[in-house]
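Written out below as structure tokens is the structure these notes cover.
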Amino acid sequence: MCGIVAYVGRKLAQPILIEGLKRLEYRGYDSAGVAVIDEKQQLHIRRAVGRISVLEDTVRQNKLPKASVGMAHTRWATHGAPTETNAHPHTDDSGCIALVHNGIIENYVALRKLLEEKGHKFTSQTDTEALAMLIGDLYADLKEKNHMQGQSLLQHAVQAALRQVEGTYGIAVICRDEPDTLIVARKGSPLIIGIGKDEYIVASDASAIVEHTAQVVYLNDNEMAVLHPGQFRTCTIDDIDVTPTISLLENKLEEYELGGFPHYMLKEIFEQPNAIRNCQRGRAEPREGRVVLGGISGIARELVKAKRYILTGQGTAWHAGLVGDYLFEDLAKVPTECTYASEFRYRNPIVEEGTVLIAISQSGETADTLAALREAKEKGATVLGVVNVVGSTIARETDAGVYLHAGPEIGVASTKAFTCQLSVLTMLAIFLGRRKFMSQSQTEEMLQGLCRIPDQMQMVLDQSDAIRDIAEQFCKRENWLFLGRGYHYPVALEGALKLKEISYIHAEGMPAAEMKHGPIALINEGMPVVFIATRGMQYDKVVSNIEEVRARGGRVIVVATEGDSNIRRYSDHVIYVPDTLEPLQPMLTVLPLQLIAYHAAVLRGCNVDKPRNLAKSVTVE
Ligand code: G6P
């Protein structure tokens, strides 16, 4: 969703800001803008609707002066249409201060009314402008009273304004009267301060910082930083000093580059064997028959004794949770449910003693997932994180957790994070199972299977061209079904979601048995139906479902186990995956579905990495 980059230092701000915005593009946005303060203490703003390239054209035509303080923003419209007037940065009506904002100011209507009554004139429909105006109004008051000699009036104005704000924010503020000051603050929307030599690059996402420095400070909620070239201070919005903790960014610049692939999504699909190796390295130990998860060692006994597990997340992460539900009940024999975080948070859930909630999230910033974990914590649950982004809010707010180590995921449609989530949930289930009912030999067998997955994934990925041919035959069809049973029911959901997200084809995923209860009415001549029919407990039942589809003219694409020649009799196309234990199969069977979605979208001319209306990280409700 919205992205922020801000700079204060001694270099030219403009290229750093624009490059930073490009790094944030993947998060999803519909307009963009940049503001700088020049050497003559003038504030300059450029805004544009559409891609960063449009903003670049605007800046080329209407040049920005040299400046070494500034900020930039990508906006994902919430309050007001994606227009130039609604794009950030916003200013107060005197043009003294400028602000970029991620999040939602919930009481903006009341604030706006109050400020309008004082004579202020608004130009946009955004909630953000109310905050810009409020800071400007308070700043003007402080300036008039002029009783704060030597102190940053801007800092006091920002603090006073934030105390009146309800809602969430990550903000950056600059002021033409204090041309070497950048102020940033956070509540609910992430901000990271990159520390360079005599300079600071602040961003809502590490991808915009990594090429400048690896040293960062993660701001916590209700904290702010006042930054000047070469010095900074962190404090709360009530002005209490906070000692900053300097962390090191794990990921390298190359991990954010395309590296020869046409799209990030394809790159990330092909990165999965290595991502899984990194995820399992040092954790899955087949020779010793044990799982070592450093991030949960402190509470291992509590986890083993837990009476109930709740797995939660949104989107693809929720699908991983559904697989986790099967894994936990199957391997660890512990009552488990998987629930949408957005539903859990509002349904006044029952959280009894001995409940563990696992929040699953690639970004670690999804607003609903974060709220669900806070709700569970409030009610006394132990909360674990299964998160990719190191240092993200969910990672920091959980009692313990397991990082995915998948590397940065830039493609909006999640791929490698999903399979790494499955890997972590499998390791957690084995970890618990071994301490309860699983024998040493069963554990070893499972871990050996897990360690073979990366090579087996490669065998599936090697079929990408053949899968493209299948996608080509059906990519013009506007309705698809994805069906699976047991462990493959969530995989069917994920296959349908991938296709919807990036190719805009209408697709439904469901348990194969559910088809007869309604969706079978949709099947007509030529409709593509994708089945996951690998060898396992419900194989014969899936084959019956395939026959039902064929009898109604549907075209059947089956993901099957290598060596199963029998299945060819029932299907139009077969994509084979290597044989593995049933609980591990989703890590392989999802790959052909990711590739079908990718190729179908490309063949339909869709922008795979920047699908319409979608955001990589949904930080508002
Ligand atoms: C958005 C993304 C999905 C993702 C979901 C949850 O909808 O487009 O790909 O699965 O958010 O995100 P998270 O970062 O919590 O895994």
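Some observations on this one:
- Given a 1.4 Å probe and the protein chains as shown, Ser503 ends up with an accessible area of around 0 Å².
- Share antiparallel - DSSP beta bridges, region 312-429, percent rounded to 5: 0
- Taking 24 Å as the limit for the C-alpha separation, the pairs Lys252/Lys616; Lys379/Lys436; Lys22/Lys252; Lys22/Lys610 exceed it in the case of Lys379/Lys436.
- At q = 0.11, 0.12 Å⁻¹, base-10 log of I(q)/I(0) for the chain (Debye sum, equal scatterers on each alpha carbon): -1.04, -1.18
- Expressed per residue, the C-alpha convex hull volume of region 389-507 stands at 147 Å³.
- Between 0 and 90°, nearest 10: helix 153-163 axis offset from the chain longest Cα axis: 50
- Tilt relative to the chain, helix 440-461 - C-alpha long axis, 0 to 90 degrees, to 10: 70
- Charges were assigned to the Cβ only: +1 to each Lys and Arg, -1 to each Asp and Glu. The resulting dipole of the chain about its Cα centre is roughly 480 debye.
- Full extension of the chain between Gln473 and Ser53 yields a length gain of 147.7 nm, computed as 0.36 nm times the residue separation minus the alpha carbon distance.
- Hypothetical label at Gln463: residues of region 525-547 whose amide nitrogen lies under 15 Å (7 Å Cα-Cβ projection): 530-535
- The orientation-averaged shadow of the Cα convex hull for region 509-621, equal to a quarter of the hull surface, comes to 9.3 nm².
- Shape of region 6-90, Cα gyration tensor, a/c cut at 1.5: prolate
- Computed [θ] at 222 nm, deg cm²/dmol, the chain (DSSP H ≥ 4; -39,500 (n - 2.57); rounded to nearest 500): -11000 deg cm²/dmol
- From phi via Karplus (6.51, -1.76, 1.60), per-residue ³J(HN,Hα) for region 243-251 in Hz, x at Gly/Pro: 7, x, 9, 8, 10, 10, 5, 7, 7
- Rough spin-label spacing in nm, given labels placed 7 Å along Cα→Cβ, for Glu84 and Glu514: 4.7
- Accessible surface of the chain, 1.4 Å probe, proportion on carbon and sulfur as whole %: 48
- Label point distance in nm, Arg374-Arg60, each placed 7 Å from Cα along Cα→Cβ: 4.4
- Taking the DSSP beta bridges with both ends in the chain, the antiparallel portion is around 60 percent.
- In this Cβ point-charge picture (+1 for Lys and Arg, -1 for Asp and Glu), region 514-576 has a dipole of about 60 debye about its Cα centre.
- Cβ-placed point charges (K, R +1; D, E -1), dipole of region 229-356 about Cα centre in debye, nearest 20: 440
- Part-to-part distance (alpha-carbon centres) for region 425-445 and region 39-102, which is given in Å: 54
- Measuring how big region 456-552 is from its alpha-carbon positions, Rg and Dmax come out at 13.4, 37 Å.
- Backbone N atoms of region 437-466 closer than 20 Å to the 7 Å Cα→Cβ label point of Glu288 belong to residues 437-452.
- Between Lys333 and Lys541, the modelled labels are 2.2 nm apart [label points 7 Å from Cα along Cα→Cβ].
- Solvent-accessible heavy-atom area per residue, rounded to whole Å², over the chain at 1.4 Å: 38
- When region 245-286 is described by a simple charge dipole with +1 on each Lys and Arg Cβ and -1 on each Asp and Glu Cβ, the residue from Asn274, Leu249, Gly259 located farthest towards its positive end is Asn274.
The values are calculated or read from the model by the stated rules, or taken from the named source; none is laboratory data. Model, not experiment: these values are computed from the prediction. Cβ atoms come from the backbone with ideal geometry, glycine included; neighbour counts cover every protein chain shown. Keep in mind that these areas ignore ligands, DNA and RNA; they rest on the heavy atoms of the full protein, side chains included. Shrake-Rupley method; radii C 1.70, N 1.55, O 1.52, S 1.80 Å.
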